[in-house]
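Colleague: Below is one structure. I have some questions about it.
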Amino acid sequence: MAMEHQNAGLAVGLDNGEFLESESSPEERRPERQYCVFRAGRERFCLNVLEVEEVVDWPIVTRIPLAPSFLMGVFNLRGTIVPLMDIAFTEGRRPGLLPKHVVVAAIKGDAQREDLRVGIAADEVIGTFSAAEDAMLDQAPAEVPHCRGMLRHEDRLALVVDLRRLTEVFPVPVI
């Protein structure tokens, strides 16, 4: 009995141990990346899944006196203090409405910077999506300088967050 063909471009196994190539050749397959899509305020955002460490439920947040309005505070994630940012500040979060989740992202350091972990407040985590390069629009709106483009998914657009730019536009304290 043959296994059913599920994805284009994959080999299909037969019961006698042979494999047949499906209709599309490897040259025809478009490279895909996976993105974690979430909502903050009224906007949808996404991050490459390789940048996302985890998604956690809303933690106990310690506010920082005299902190900028985008910095909601810090929280303890298994012994590591993580700054919590609200990127919906410019995109319109309703006052007094707390987010439900935190998307914890990691920025790999370089010669000038150490590794940095940052939490992004999310009202809803929509899921992970695979997208080919042609699903990306290279330009984000000018009023959202911490994004590098937009991703088309489910007939909607999500702003692609650039973590480096995010920490430049919204500088977080290094603790």
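Colleague: Subtracting the Cα-Cα distance from 0.36 nm times the residue separation, let me have the gained length for Trp58 to Ala106 in nm, one decimal.
Modeller: Answer, rounded to one decimal: 15.5 nm.
Colleague: Leu137's amide H: which non-local residues (gap 5+, or another chain) put their own amide H closer than 5 Å, with H modeled 1.01 Å from N in plane and none for Pro or chain starts?
Modeller: Here Met150, Leu151, Arg152 satisfy the definition.
Colleague: Now for a different question. For a label point 7 angstrom out from the Cα of Leu97 toward its Cβ, which stretches of segment 121-154 have the backbone nitrogen within less than 12 Å?
Modeller: 123-124
Colleague: Which of the trypsin sites (Lys or Arg not before Pro) found in segment 98-149 are in a DSSP loop and have at most 15 neighbouring Cβ atoms, other than their own, within 10 Å?
Modeller: Those that pass, being in a loop and sparsely packed, are Lys100, Lys108, Arg113.
Colleague: Right, next: Using the beta-carbon distance between Thr80 and Glu133 and R0 = 45 Å, what value does 1/(1 + (r/R0)^6) give for FRET efficiency, to the nearest 0.05?
Modeller: So, using R0 = 45 Å, E works out to roughly 0.85.
Colleague: HN-Hα J couplings of segment 131-138 from phi, Karplus 6.51/-1.76/1.60, θ = phi - 60°, integer Hz, Gly and Pro as x?
Modeller: 9, 6, 4, 6, 7, 8, 9, 6
Just so you know, all these numbers are worked out from the coordinates, no wet-lab data involved. Keep in mind it's a predicted model, so treat the numbers as computed, not measured. Don't worry about glycine lacking a Cβ; one is built from the backbone with ideal geometry, like all the others, and counts go over all protein chains shown.
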